[in-house]
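Scroll down for the structure; my scribbles are underneath it.
Throughout, read-outs are computed from the coordinates displayed, never taken from laboratory work. This is a predicted model, so every value here is computed, not measured. Don't worry about glycine lacking a Cβ; one is built from the backbone with ideal geometry, like all the others, and counts go over all protein chains shown.
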């Protein structure tokens, strides 16, 4: 029995199409846009020499790709998460959320956020990324005690008229 050309083409679709769909993941996205806002409990926006939100893959994540992401905290408290380059988003998965808000001077660096928000092994917040998210809101506490006093006493950095020749 010979197969004619038409029959071979039909069989090819039954083999090629399922394989192509399997390789493409049937359109499932693996990276999502994640945005939000962060503020201190008193309503002020965290600022410092460095102010960043960090997503670290959790120990139990189901993510196929385990890469962290970060986002700079803007002057209005907003942030947009980035994995490698601006606009790429965050891989699907579960993440611990931590914060790095640091005031640096020529001689020291001081954390401006309570230490419980800086520990990736026991994060105060978690997030599951399986869709675009634009409404994450985090409320964190400022550092207390000596660290807060040192940060408050530290100069904010050079301002107008403080450079050479003034």
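One chain, two ends: residue 126 and residue 84. Fully extended at 0.36 nm per residue, the span grows by 13.1 nm beyond their Cα-Cα distance.
Placing pseudo-labels 7 Å out from each Cα toward the beta carbon at residue 116 and residue 44 gives an inter-label distance of 2.0 nm.
A straight chain from residue 108 to residue 29 at 0.36 nm per residue would run longer than the Cα-Cα distance by 24.1 nm. Extending 7 Å from Cα along the Cβ direction at residue 134 and again at residue 60 yields two label points whose distance is 3.1 nm.
Below 8 Å, C-alpha to C-alpha, sequence gap of six or more: please give me the relative contact order for the range 29-153 in percent. The normalised contact order for the range 29-153 reaches 32 percent. For the range 89-114, the residues whose amide N sits under 17 Å from a probe point set 7 Å from the Cα of residue 72 along the beta carbon direction are 89, 100-104.
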